[in-house]
Amino acid sequence: MSSPAIEKAIKVKALPDAESFETKQIDLFQHFLCNTPEQQKSLSNTIDFWDHVPKYCYSQVAQNKLRTKDGFLPKAHKRFICFGKKYELTIAPELMIDEKGNNKAFYPSANEGLVEDALRKIAAQQQHGFYANQNEGSAGVVFTLYQLREELKKTGHSRSYQELVKSLLILAGSNLEIIPEDRSAIIKSNYISSLAMVTRAKLKEDPNSKWIVEFHPLVRESMRSITYRQFNYQQMMSFKSHLARWLYKKLAHYYTNASLTTPFVMSFETIRRESGMLERKRKNNALQELEAVFEELMEKSVFIAVTRNRPKGSKTQITDILYSATPHPEFIKSVKASNKRQSDLRTLQIENTAKNR
């Protein structure tokens, strides 16, 4: 499949200048608090707010039901809540053309979410991630398709080169609009701000040709203001469902006081509203799906126990369920390391600001 708008503009874009790979922002982004090189390989960064947005909530099955006979998808509208604040989310799909010349539109799905996570992991490696300070600034990653494919393969998510190109095109062509309920601001951009590609002919000549992705402005802003947090990327990528990965990143970023005496508490309805997922005709099916996620979180040593409390009322009518989860010691250890790393980064930022005055 191809994207007409992007195919017309295919060219080899100049790499960011050398200074962009050595700025303080990218240096801090690539520095992790760990004891061994092996531990560092398992770490990446969660991005404040951006990773909370339910931007990959439409599964392939859901898209197939919404897609018209002509291959089109409407703009998708969602509402979600982040820490009590309500937002409206609009997703404009990318329209692609298959080998037969037929239209087919796509919303970014869990597949594209995995690609974005892998790109951010690659950006956490020296000489791959960049942050440019000039003008409004840009932040992104330089990589090869082989490198991206290998990164996904080692986490159990193998993709062909064609599938990777398709996901990159969907990310580059799909537009995301986020508006708070009070209309105080509008965030409107494609999932990735820029994608520089090479032609198929060039790719055959040199499979190691560089590709360049510039991340969403919210990712760039998080890198600038150091609101990202280190987390166990390898563990997150091992989860089976997108919902499990979304919830794990939420835990890693916001559950900063994790301890055996401070359980993680959240209701089914809150998870449903904030994730944009679990929209099922039968609520029992959604509950079973969430129960499976909590089971996997226990199997992977994130929680050691989960209790479920139903509110008083009719035994036959499901209203809401409150989950209280006790964190596993290994997860507590990772949260403490992340807290220390973020504190260290803040201190370095203050010291650098003072030096530059």
Checklist outcome for this item: Residue span Arg183 to Glu38: 0.36 nm per residue of separation minus Cα-Cα distance leaves a gain in nm of 47.7 nm
Next on the checklist: With +1 on the Cβ of every Lys and Arg and -1 on the Cβ of every Asp and Glu, and nothing else charged, how large is the dipole of the chain about its Cα centre, in debye rounded to the nearest 20?
Outcome noted: 820
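Count the net charge of all other residues whose Cβ sits under 9 Å from the Cβ of Leu171, scoring Lys and Arg as +1 and Asp and Glu as -1.
-3
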Item to check | 222 nm mean residue ellipticity, helices alone, for the chain (DSSP H n ≥ 4; -39,500 (n - 2.57); rounded to 500) | outcome: -12000 deg cm²/dmol
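Kindly identify segment 127-263 as rounded, prolate or oblate by the Cα gyration tensor criterion: order the square roots of the eigenvalues as a ≥ b ≥ c, call it rounded if a/c is under 1.5, otherwise compare a/b with b/c, prolate if a/b is larger, else oblate.
oblate
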Checklist entry - Sorted by mean Cβ packing within 10 Å, highest first, what order do the peptides 290-297, 262-269, 111-118, 46-53 take? => result 111-118, 46-53, 290-297, 262-269
Checklist entry - Per residue, how much accessible area does segment 69-222 show when a 1.4 Å probe rolls over the protein heavy atoms, in square angstrom? => result 47
Checklist outcome for this item: Burial-style ranking of 276-282, 246-252, 234-240, average other-beta-carbon count within 10 Å with highest first, yields 246-252, 234-240, 276-282
Checklist outcome for this item: Projecting the Cα atoms of Gln147, Asn175, Ile122 onto the charge dipole of segment 119-193, where Lys and Arg contribute +1 and Asp and Glu -1 at Cβ, the residue farthest towards the positive end is Gln147
Item to check | Label assignment, volume of the Cα convex hull per residue in Å³ derived from the structure, set [x] 160; [y] 146; [z] 135 | outcome: [x]
Checklist entry - Under a plain spin-label model, where a point goes 7 Å from the Cα along Cα-to-Cβ, how far apart in nm are Ile97 and Gln60? => result 2.4
Checklist outcome for this item: Taking 0.36 nm per residue of separation between Asn285 and Glu269 and subtracting their Cα-Cα distance, the length gained on full extension comes to 4.4 nm
Item to check | segment 134-190 - percent of accessible surface contributed by carbon and sulfur, probe 1.4 Å | outcome: 45
Checklist entry - Using r as the Cβ-Cβ distance of Glu163 and Phe83, and R0 as 35 Å, what FRET efficiency do you calculate, to the nearest 0.05? => result 0.50
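Give, as a single signed number, the net charge of other residues whose beta carbon lies under 9 Å from the beta carbon of Gly113, with Lys and Arg counted +1 and Asp and Glu -1.
Summing Lys/Arg as +1 and Asp/Glu as -1 gives -1.
The values are calculated or read from the model by the stated rules, or taken from the named source; none is laboratory data. Since we're looking at a predicted model, the values are computed, not measured. As a convention, Cβ positions derive from the backbone with ideal geometry for all residues, glycine included, and neighbour counts pool all protein chains shown. Side chains included, ligands, DNA and RNA excluded: accessible areas come from the protein's heavy atoms. Shrake-Rupley method; radii C 1.70, N 1.55, O 1.52, S 1.80 Å.
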